[in-house]
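Here is the structure we will look at, set down as structure tokens.
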Amino acid sequence: ATVREDYISEETKKLISSLPVNKDSQGNLCKYQGCWYYYNTLQGAINFQNHFQPQDTDVILASFPKSGTTWLKALTVALLERSKHHDDHPLNHPLLSDNPHAIVPFLETKLYLRTSTPDLTKYSSSPSSSARVFATHMPLHTVKEGLRGSPCKIVYMCRNAKDVLISLWYFKCKYQKLEVTRSVLESTFESFCGGGNFYGPFWDHVLSYWRGSLEDDPSRVLFMKYEEMKEEPCVQLKRLAEFLGVPFTEEEEESGCVEKILELCSLRSLSDLAINKIGKTSSGPDYKLCFRKGEVGDSKNYLTPEMEMRIDMIIEENLKGSGLSF
Ligand code: A3P
């Protein structure tokens, strides 16, 4: 699985020649606005920045890869879709017939990857509501350039670095059809700790949204944690619903709507659906690779105490003084 580079404009090539560059087993990377991109993804990010036309009601779901993006997409779709009375026709629910990534596309790696004028009309969350929902792995300052001052809502899902790393390792092996070995873990670990990995450094990514959530108007950037979603799902789902402007009514709460959404979006339910067992993206991985264990602290089973200590120190050092901790 080598990253293609055949649709990069002359202008972007010129830009790349002025940027720091790096390489990994999948392709060439360059550092743009403090974040590492494969060249084709950089083209997607630039297309987005130059051509996206935001609507004030847009919702942007952001995350570092393997932080719970699929879950956040599913929860957001389920929250925004619930006004459509799927209870009457439960099988009509989009999450039952499509993978969350097909419903909420990534801006830079899907919509704007090869074009500056993608057709965005089909991505409203429902024909009756005007909110469009998009996703991104770009850091906040890069996303904001494409938003041009529009007050779109941005939700960030953050997850602890060690579990992200283990999830990345597994995903990388499965996606590239490699054996899941310690040697791949070690190279993924080194590149993660060095910060030169795709969308890295991890800590700068997280901090861009953390600071944004503190500095911006609180109705603009919502900072969520995967661990908190697991720990107190009802509280966090209600928090997300309020932020999105679709709070639960008392009747909904009494009728178990919160729990129903959590159940629909649970790893177990989603991964059990036919579409997620056998479906795949046009260019990307099989949908089943989106789902693994979904546990907090799984990294304990794989990282040596030395690896844990090193990553803990790097994270602590970089988050020092920010008020954010894992
Ligand atoms: P693990 O590899 O630790 O199991 P992303 O969606 O950002 O790619 O993140 C993938 C991680 O989220 C994987 O973690 C995956 O199992 C987990 N995940 C996927 N769907 C989930 C869901 N509905 N609920 C909780 N975790 C989920």
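Would you be able to say whether some residue in the range 21-31 is among the aliphatic types (A, V, I, L, M), surrounded by fewer than 23 Cβ atoms within 10 Å (Cβ to Cβ) and not in a strand (DSSP E or B)? Scanning the range 21-31, I find no residue that is among the aliphatic types (A, V, I, L, M), surrounded by fewer than 23 Cβ atoms within 10 Å (Cβ to Cβ) and not in a strand (DSSP E or B), so the answer is no. Here E232 passes the criteria (1) out of contact with any Cys (no Cβ under 8 Å at 6 or more places or on another chain); (2) crowded, with 16+ Cβ neighbours inside 10 Å except the one numbered (2). For the range 62-103, filtered to residues that are within 11 Å of the ligand (Cβ to nearest atom) and assigned to a loop (DSSP other than H, G, I, E, B), the residue that is modelled with the lowest pLDDT is N99.
Residue-by-condition table, conditions (1) at pLDDT 95 or above; (2) assigned to a loop (DSSP other than H, G, I, E, B); (3) more than 27 Å from M313 (Cβ to Cβ):
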residue	(1), (2), (3)
E108	yes, no, yes
H141	yes, no, no
G149	no, yes, yes
D163	yes, no, no
F189	yes, no, no
F198	yes, yes, no
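Residue check: is K293 within 11 Å of the ligand (Cβ to nearest atom) and part of a loop (DSSP other than H, G, I, E, B)? Considered against the rule, which asks whether it is within 11 Å of the ligand (Cβ to nearest atom) and part of a loop (DSSP other than H, G, I, E, B), K293 comes out as yes. Scanning the range 106-122 for residues being acidic (D, E) and under 16 Å from the mean Cα position of the chain (by Cα) gives a total of 1. For the range 214-226, the candidate set comprises residues that are within 18 Å of S325 (Cα to Cα) and in contact with a Cys (Cβ under 9 Å, 6 or more places away or on another chain); within that set, the residue that is farthest from the ligand (Cβ to nearest atom) is F223.
Residues in the range 243-274 that are away from the ligand (no atom under 14 Å from the Cβ), out of contact with any strand residue (DSSP E or B) (no Cβ under 9 Å at 6 or more places or on another chain) and either assigned to a helix (DSSP H, G or I) or among the hydroxyl-bearing types (S, T, Y) (or both): T249, E250, E251, E252, E253, E254, S255, C257, V258, E259, K260, A274.
The values are calculated or read from the model by the stated rules, or taken from the named source; none is laboratory data. Quick caveat: nothing in here was measured; it's all calculated off a predicted structure. Reconstructed Cβ throughout: ideal geometry from the backbone, glycine too, with neighbour counts over all protein chains shown.
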